[in-house]
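Enquirer: First the structure, then my questions, so here it is.
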Amino acid sequence: MSKSTKRQAKTPQLGDEGALFGARLRELRTARGLTQPDIATRVGTSASNISDLERGIKVPTLTTVARLAQALNCKVTELVEVLDRKGHSEQKLRKG
């Protein structure tokens, strides 16, 4: 495997909720012009923890999701709606 292949970001797939959530977190954070340390300070965690969440390495607790939403000035549903869309896609696949 070449170095360029190893560095390519993994595209989140169905069944990969952590990566789906992380991609959404990164999307909302960058859209607001915030850094990982900015969010970490607001949430009360470390920048490395935010990085792990965004890469899907860690899955947040419900408390962390609520704190992230507050830090991003958005609704919790705005953060997790990507998981709802995933569920609808799986239902369509099962019916089809």
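Enquirer: What pairs come up if the first residue lies in the range 40-64 and is closer than 17 Å to residue 17 by Cα and in contact (Cβ under 8 Å) with a residue 40 or more places away in the chain, the second is surrounded by 17 or more Cβ atoms within 10 Å (Cβ to Cβ) and hydrophobic (A, V, I, L, M, F, W, C), and their beta carbons are under 9 Å apart, counting only those six or more places apart or on different chains?
Expert: 56/19; 56/20; 56/21; 56/23; 59/21; 59/53
Enquirer: Test residue 7 against the stated conditions and say whether it is of a type in the set (Lys, Arg), more than 19 Å from residue 84 (Cα to Cα), exposed (fewer than 15 other Cβ atoms within 10 Å of the Cβ) and at pLDDT 95 or above.
Expert: Working: of a type in the set (Lys, Arg): yes; more than 19 Å from residue 84 (Cα to Cα): yes; exposed (fewer than 15 other Cβ atoms within 10 Å of the Cβ): yes; at pLDDT 95 or above: no.
Answer is no for this residue.
Enquirer: Taking residue 15, is it exposed (fewer than 11 other Cβ atoms within 10 Å of the Cβ), on the phi > 0 side of the Ramachandran plot, modelled with pLDDT of 85 or more and not aromatic (Phe, Trp, Tyr)? Full working, then the answer.
Expert: Working: exposed (fewer than 11 other Cβ atoms within 10 Å of the Cβ): yes; on the phi > 0 side of the Ramachandran plot: yes; modelled with pLDDT of 85 or more: no; not aromatic (Phe, Trp, Tyr): yes.
Criteria not met by residue 15.
This table checks each residue for (1) of a type outside the set (D, E, K, R); (2) closer than 16 Å to residue 80 by Cα.
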{"residue": "24", "(1), (2)": "no, yes"}
{"residue": "28", "(1), (2)": "yes, yes"}
{"residue": "40", "(1), (2)": "yes, no"}
{"residue": "43", "(1), (2)": "yes, no"}
{"residue": "58", "(1), (2)": "no, yes"}
{"residue": "66", "(1), (2)": "yes, yes"}
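The values are calculated or read from the model by the stated rules, or taken from the named source; none is laboratory data. This structure is a prediction, so every number in the text was calculated from the model and none was measured. Quick reminder, even Gly has a Cβ in these numbers, built from the backbone with ideal geometry, and neighbours come from all protein chains shown.
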